[in-house]
1. Report, in deg cm²/dmol and to the nearest 500, the calculated mean residue ellipticity at 222 nm for the chain, where each DSSP H run with n ≥ 4 adds -39500 (n - 2.57) and the sum is divided by the residue count.
2. At 18 angstrom or more along the helix axis (alpha-carbon based) and mean Kyte-Doolittle of 0.5 or higher, what helices does the chain contain? Whole DSSP H runs only.
3. Using the Cα centre as the reference, give the magnitude of the dipole from point charges on the C-beta atoms of the chain (Lys, Arg: +1; Asp, Glu: -1; all else neutral), rounded to the nearest 20 debye.
4. Listed highest first by mean packing, meaning other Cβ atoms within 10 Å per residue, what order do 162-170, 14-22 come in?
5. Kindly report the accessible area of the chain per residue (heavy atoms of protein chains, probe 1.4 Å, no ligands, DNA or RNA), in Å².
6. Beyond 28 Å, how much of the Cα-Cα pair distribution for the chain remains, as a whole percent?
Amino acid sequence: MKFYKSVTARVEQENYNKGVNRLDTGSGYYKTSKRLNLLSTIWLMIFQFGLIFGGTTSLLIYTKNAKNLDMPLYIVSCIAFVAVAVSLYLIKRKLHAIALVLNLAAVFAQLTRIYHNDAETTNEFLNNGYLNNPKFWMYFVPGILICLFTLIICLIGIKTRLHFRKDYKKVLEKMYTTYREANPEVSDVEWTRHLEELDASLKEKEEKEKEKE
């Protein structure tokens, strides 16, 4: 479905006139969650990079250590590193649902593998507890925070999209009714052309305002 800027502008104007105040992607909650998600992702990626760097040097340089490398953990970490980075881009593009699935899958896969790796080697989680295990702070805490903040971002993003589509449809129908009253025999092609002309007019107006500034 194509969204016309002229219709979107009227949606925003009508919501402003009605005093509509929603929890949307322009709210402080959404922006704060995005910042905290970014910090949590950087936190996790720093330690992911360390793990990947160590594994890569073992495979390419210090080959004697390669036999001690947990290859499944190494592979999962490489994939998770890329996945959480890509999710930041998806959130920026407001592709919230995809970002949520990608983050949850990547974080869950890596944390599960780290836990199994620990259970198969030092068993530090069981012997010393989670809080005394550095891996808990390096991977589990930022991973859980990423899942939490991405969930908040996703819920707000989906809610905003649903409200926008609903409001857009109402305004578009209202505009069509008004236009049809003035042009009873209007065709779909003429109506589409009218919307494109409104968009062109709005764009021209915005450009003139920018020139004045």
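1. Mean residue ellipticity at 222 nm (helix-derived): -27500 deg cm²/dmol.
2. Result, helices passing both filters: 28-60, 71-92, 96-120.
3. 320
4. Descending packing order for the listed peptides: 162-170, 14-22.
5. Value returned for the chain: 66 Å² of accessible area per residue.
6. The share of Cα pairs beyond 28 Å in the chain comes to 51 percent.
The values are calculated or read from the model by the stated rules, or taken from the named source; none is laboratory data. None of these values were measured; they are calculated from a predicted model. Here the Cβ is made from the backbone with ideal geometry for all residues, glycine too, and neighbour counts use every protein chain on show. Just the protein is used for accessible areas: all its heavy atoms, side chains included, with ligands, DNA and RNA removed. Shrake-Rupley method; radii C 1.70, N 1.55, O 1.52, S 1.80 Å.
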